[in-house]
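Trainee: If you scroll down you'll find the structure; I have some questions about it.
Each reported figure results from applying straightforward, stated rules to the coordinates on display, with no laboratory input. What you see is a predicted model, and the numbers here were worked out from it, not measured in a lab. So basically every Cβ, Gly included, is an ideal-geometry build from the backbone, and we count neighbours across all protein chains shown.
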Amino acid sequence: MIDGKGMRGPGGQGPQASGDEDDPAGPGQPALDRDVQGRIGSHLRAMYDELMQQPIPDRFVDLLAELERSAAGPPLATDSAADE
């Protein structure tokens with residue numbers, strides 16, 4: 001489980017109060033060791049590669065085609081334009 005100790009906010013402050021002495025990582029040091037970071041990275045890359053092998057859903061292809069048609073032609077009438 002992830003405990004958030006390695007998360008840093010915009011000011012470099014983590015979710016825990018500053019001065020927390022049970023944090024094993026010093027300033028500028030990662031909260032997870034390099035082996036754990038490497039395994040997480042490998043798993044994320046494998047998941048991403050698997051996702052990229054899946055085909056684009058037909059609905060997305062249809063939406064992209066509709067967007068291209070609307071960009072090439074005159075703007076579509078909206079409800080507010082039809083009321084005028």
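Trainee: Tally Lys/Arg at +1 and Asp/Glu at -1 over every other residue whose Cβ is under 14 Å from the Cβ of Val61; what's the total?
Mentor: -2
Trainee: Could you go through segment 52-66 in sequence order and give the Karplus-derived ³J(HN,Hα) for each residue, using 6.51 cos²θ - 1.76 cosθ + 1.60 with θ = phi - 60°, rounded to whole Hz, and x for Gly and Pro?
Mentor: Once rounded to whole Hz, the list reads 5, 7, 7, x, 6, x, 4, 4, 5, 4, 5, 5, 5, 5, 5.
Trainee: Using the Karplus equation 6.51 cos²θ - 1.76 cosθ + 1.60 (θ = phi - 60°), what ³J(HN,Hα) coupling, rounded to whole Hz, does each residue of segment 35-50 give in order, writing x for Gly and Pro?
Mentor: My calculation for segment 35-50 gives 5, 5, 4, x, 5, 4, x, 5, 5, 5, 4, 5, 5, 5, 4, 5 Hz in order.
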